[in-house]
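Read through the structure below, which is laid out as structure tokens, and then see the notes.
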């Protein structure tokens, strides 16, 4: 009988210690997850700030001549459709008609060559046309 009590007491002690250890481990895990989320949020904030600064430096205004910035896309992304619309190397001259109000970051353009109106392209993919290009 004494043996059973000793075994039960040892088992209870072990269970209690295991629960404490599990709680500590859970708290450490929560801290790690929180730190990771904070780092991701900080990284996202940096990316947004950098994009905003780039957009400000390359501020495109209404009725301005623009060209598709081929460098903004990877070679795979600049596919046959883009080449047809914007030219082989993005050389087609476009007029920036403005940003779509309820779709921030998207714009409407007019192609001078074809007279087509193009919509819902990302504003960040365009750059001001230089005086030589116009």
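A compact table of results
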item: Extreme residue, modelled with the lowest pLDDT, among residues of segment 63-86 that are assigned to a loop (DSSP other than H, G, I, E, B) and closer than 15 Å to residue 121 by Cα; result: 73
item: Of residues in segment 1-26 being part of a helix (DSSP H, G or I) and either in contact with a helix residue (DSSP H, G or I) (Cβ under 8 Å, 6 or more places away or on another chain) or loosely packed, with under 10 Cβ neighbours inside 10 Å (or both), the one modelled with the lowest pLDDT; result: 2
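The values are calculated or read from the model by the stated rules, or taken from the named source; none is laboratory data. This is a predicted model, so every value here is computed, not measured. Neighbour counts are summed over all protein chains in view; Cβ atoms, including those assigned to glycine, are modelled from backbone coordinates with ideal geometry.
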